[in-house]
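Engineer: Before anything else, here's the structure in question.
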Amino acid sequence: MNNLEELKQELKDLNLQAAKMRDLPPEKRAEFGRDLNRKKQTILDKIEAAKKAELDIAAEPIDVTAWCGVNEPMPEFYPTELGSKHPLMTELDRVVGIYQLMGFDVIESRQLDDEYHMFDSLNFPKEHPARDGYDTFRTEEGLIPPAHTSTMQHRVLKAYKNNLDLGKPIAVVVPGRVFRNEDVDATHEHTFYQCEGVYVSKDCTMGDMLGILREFFEKYYEQKLNIRTQPGYFPFTEPSLEFMIEKPKSLGGKKGDFLEMLGCGMIHPNVLKIAGIDPTKYHGFAWGGGIDRLVMLRYGLGDVRYFESGNLNFLREF
């Protein structure tokens, strides 16, 4: 019996004593009643305090991850395992580090944006299908979880355009999380990571862009790679290309096996104009590609859903 139950029993016994009052002489009943009420109030105060104590204990946070086995040995991984950095974050640091060595600044992308930065500033026509809710998530307030890190391109161009007046290029990479209304399977996720690149100067060319991208992939996969491009379409670049690399030998690639890695191209003059940059004086190029796929290829992973699953067995491999 706990303290609260004992107090309730005392109160019950005290109430039974009240029946004795009718057997007492009239002159003693008043004193008996006062004494009984004092005792009753004392017990009631104690009951209230006991109830409050129980509520305070119940309100304390519970560690639902704590081991609570009965007659079982504590698992080896608990409590000494402190966790580790997520493989996507480790590889994202690696990606950003390679670009930094090439002279690029880094700006993190947003996780919520608006129609203007997502579409209008990137030369998307009003009727472009990507504006449709079937491809892009939207909040009730009309905001958009970005579907690509290009949502930062206008901000980058405006923030760094003074570099051009100083005779320096705009050179920025933008890593970040993106969201798409996808049917999830082994090769498609609704949430993943991208890295955007933006470069603008007076005399940059598509050849410079291809050289930067080739250098990045050779550093990332630690081997010489052949590259290939084919025409593509993006509203914010013209011309637009799909960039491919020869499948790395570490992944069982053979000569002539190519993998599409990202989209790229020369920044559309309209995008430069909207950011206040004269496209008759300056040229630029941009690219964007998924980080998840880079990591899948690097480690030979077959299912992109592992990254967002929270599966400890998968995470412990890293």
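Engineer: With respect to Leu312, determine if the residue is in the same structural domain as Val200 (by TED's automatic domain parsing), surrounded by 13 or more Cβ atoms within 10 Å (Cβ to Cβ) and hydrophobic (A, V, I, L, M, F, W, C).
Structural biologist: no
Engineer: Sort out which residues of the stretch 159-191 are surrounded by 15 or more Cβ atoms within 10 Å (Cβ to Cβ) and basic (Lys, Arg), and write them in order of number.
Structural biologist: Listed by number, the residues that qualify are Lys161, Arg177, Arg180.
Engineer: Counting only residues that are part of a helix (DSSP H, G or I) and not aliphatic (A, V, I, L, M), which one in the stretch 202-216 is nearest to the chain's Cα centre (by Cα)?
Structural biologist: Of the stretch 202-216, the ones part of a helix (DSSP H, G or I) are 206-216.
Cutting the leftovers down to not aliphatic (A, V, I, L, M) gives us 207-208, 211, 214-216.
Numbers: Gly207: 34, Asp208: 32, Gly211: 31, Arg214: 28, Glu215: 28, Phe216: 24 Å.
Looking at the filtered set, the residue picked out is Phe216.
Engineer: Filter the stretch 127-140 down to the residues that are exposed (fewer than 10 other Cβ atoms within 10 Å of the Cβ) and at pLDDT 80 or above, then identify the one that is farthest from Thr151 (Cα to Cα).
Structural biologist: Looking at the filtered set, the residue picked out is Glu140.
Engineer: Now for a different question. Out of curiosity, is Gln194 among the polar types (S, T, N, Q) and surrounded by fewer than 17 Cβ atoms within 10 Å (Cβ to Cβ)?
Structural biologist: When the stated conditions are applied, Gln194 does not pass them.
Engineer: Out of the stretch 181-190, which residues are touching a strand residue (DSSP E or B) at 6+ places or on another chain (Cβ under 8 Å) and either of a type in the set (D, E, K, R) or modelled with pLDDT of 80 or more (or both)? Full working, then the answer.
Structural biologist: If we filter the stretch 181-190 for residues that are touching a strand residue (DSSP E or B) at 6+ places or on another chain (Cβ under 8 Å), which is where we start, we get 182, 190.
Residue satisfying the conditions is Glu182 alone.
Engineer: Return a yes/no flag: does the stretch 225-232 have any residue that is over 17 Å from Val95 (Cβ atoms), surrounded by fewer than 20 Cβ atoms within 10 Å (Cβ to Cβ) and β-branched (Val, Ile, Thr).
Structural biologist: yes
Matching residues to (1) in contact (Cβ under 8 Å) with a residue 12 or more places away in the chain; (2) assigned by TED's automatic domain parsing to the domain that holds Glu91; (3) touching a Phe, Trp or Tyr at 6+ places or on another chain (Cβ under 7 Å):
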| position | (1), (2), (3) |
| --- | --- |
| His268 | yes, yes, yes |
| Lys273 | no, yes, no |
| Gly276 | yes, yes, no |
| Tyr282 | yes, yes, no |
| Arg293 | yes, yes, no |
| Arg305 | yes, yes, no |
| Glu308 | yes, yes, no |
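Engineer: Among the listed residues Phe179, Phe119, which satisfies the condition of being within 26 Å of the chain's Cα centre (by Cα) and in contact (Cβ under 8 Å) with a residue 40 or more places away in the chain?
Structural biologist: Only one candidate qualifies: Phe179.
Engineer: Can I ask one more? Among Thr149, Thr205, which is hydroxyl-bearing (Ser, Thr, Tyr), at pLDDT 90 or above and assigned by TED's automatic domain parsing to the domain that holds Leu262?
Structural biologist: Thr205
Per-residue answers, yes or no, for (1) of a type in the set (S, T, N, Q); (2) at pLDDT below 75:
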{"position": "Gln9", "(1), (2)": "yes, no"}
{"position": "Glu27", "(1), (2)": "no, no"}
{"position": "Arg34", "(1), (2)": "no, no"}
{"position": "Asn37", "(1), (2)": "yes, no"}
{"position": "Ala49", "(1), (2)": "no, no"}
{"position": "Glu60", "(1), (2)": "no, yes"}
{"position": "Val70", "(1), (2)": "no, yes"}
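The values are calculated or read from the model by the stated rules, or taken from the named source; none is laboratory data. Only a predicted model underlies this, so the values are computations on that prediction, with no experimental measurement involved. Every residue, glycine among them, receives a Cβ derived from its backbone with ideal geometry; neighbour counts consider all protein chains shown.
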